[in-house]
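The structure appears right after this line, and notes come after that.
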Amino acid sequence: MENRQSPPEHNLFEAFREDHTVLGRGFHELSQCLRGNDAAGARKAAERIDTAAGAHIAFEEKHFYPTLARMLGAPEVRRLYAEHGKGLAAVRALLERDPRALLPENERRRLLELSQSMETHIAECGEMFQALGRLSDAERAALYRQLTIWREKHPRWTALPASG
């Protein structure tokens, strides 16, 4: 039997799943650190998320979400951008803090809420996978090319211009 590589439009599903797995683990770790009042661990988790998430977030916000707006409507897509904003706010707040400083309880709770919101966003990505299936092969191939370009650039999430 011949071993053939999947065409790029089919690789988009796998790339999306892979990115969401990495992001899901990152925010789960961040939330665990915040629950345990581990400020240093939370900052390290935020650093890893910032490095790992940039390409995927840029792809979603610049290319995928505008495509989704046609299918899901602008209000739903605005909600997705807002959820990204919550995750980014948690990451940015932790990166701006002294890594040795303790987190005040009210700030720890606020950051945990933001992180959990992003965890929920990542877990509820099933609707996005369904939307991918409704796109034409050509649209999926074009989106996959854009994701590949962003992965090659490998931007930090905190370095991306604000979207939404």
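The values are calculated or read from the model by the stated rules, or taken from the named source; none is laboratory data. Small disclaimer: the values here were computed from a predicted structure and weren't measured. Neighbour counts are summed over all protein chains in view; Cβ atoms, including those assigned to glycine, are modelled from backbone coordinates with ideal geometry. Please note that ligands, DNA and RNA were not included when accessible areas were found on the heavy atoms of the full protein model with its side chains. Shrake-Rupley method; radii C 1.70, N 1.55, O 1.52, S 1.80 Å.
For the chain, a Gaussian network of Cα nodes joined below 10 Å ranks PRO99, PRO66, PRO75 by mean-square fluctuation, and the top entry is PRO75.
Remark: the chain carries a charge dipole of roughly 340 debye about the Cα centre, counting +1 on each Lys and Arg Cβ and -1 on each Asp and Glu Cβ.
Report the charge-dipole magnitude of the stretch 114-164 in Debye, nearest 20, computed about the Cα centre from +1 at each Lys and Arg Cβ and -1 at each Asp and Glu Cβ. Walk me through the numbers on the way to the answer.
Values: 6 positive and 6 negative charges, 54 e Å.
Dipole size: approximately 260 debye.
Packing-wise, with mean Cβ within 10 Å as the measure, how do 54-64, 103-113 rank, highest first? Walk me through the numbers on the way to the answer.
Details: 54-64: 20.6, 103-113: 15.3.
Descending mean neighbour count gives 54-64, 103-113.
Across the stretch 31-164, the relative contact order, built from alpha-carbon pairs under 8 Å that are at least six residues apart, equals 49 percent.
With the cut-off at 1.5 for a/c, could you classify the stretch 60-108 from its C-alpha gyration tensor as rounded, prolate or oblate? Note, shape of the stretch 60-108 comes out prolate.
Fully extending the segment from GLU127 to ARG145 would add 4.3 nm, taking 0.36 nm per residue of separation and subtracting the current Cα-Cα distance. A quarter of the convex hull surface defined by the alpha-carbon atoms of the chain gives 10.6 nm² as the mean projection. Summed over the residues of the chain and divided among them, the accessible surface reaches 53 Å² per residue at a probe radius of 1.4 Å.
The alpha-carbon of LYS62 sits under 25 angstrom from the alpha-carbons of these lysines, leaving out residues fewer than 8 places away in its chain: LYS86, LYS153. For the stretch 70-82, putting each phi into the Karplus relation 6.51 cos²θ - 1.76 cosθ + 1.60 with θ = phi - 60° gives couplings of 5, 8, 9, x, 4, x, 5, 5, 4, 5, 5, 4, 4 Hz, in residue order, rounded to whole numbers and with x for Gly and Pro. The packing ranking of peptides 43-49, 23-29, highest mean first, is 43-49, 23-29, where packing means the average number of other beta carbon atoms within 10 angstrom of each residue.
If each DSSP helix of 4+ residues adds -39,500 (n - 2.57) and the sum is divided by the residues in the chain, what number results at 222 nm, nearest 500 deg cm²/dmol?
Taken over the chain, the calculation gives -25500 deg cm²/dmol.
By the compact-protein rule of thumb, 2.2 N^0.38 Å, the alpha-carbon radius of gyration of the stretch 86-164 corresponds to a ratio of 1.46.
In sequence order, the stretch 95-101 has phi-based couplings of 5, 7, 8, 5, x, 8, 7 Hz under the Karplus curve 6.51 cos²θ - 1.76 cosθ + 1.60, θ = phi - 60°, and Gly or Pro positions carry x. Rounding to the nearest 10 and keeping the result within 0 to 90°, find how far the Cα-based axis of helix 39-59 lies from the longest principal axis of the chain. Here the helix axis deviates by roughly 20 degrees.
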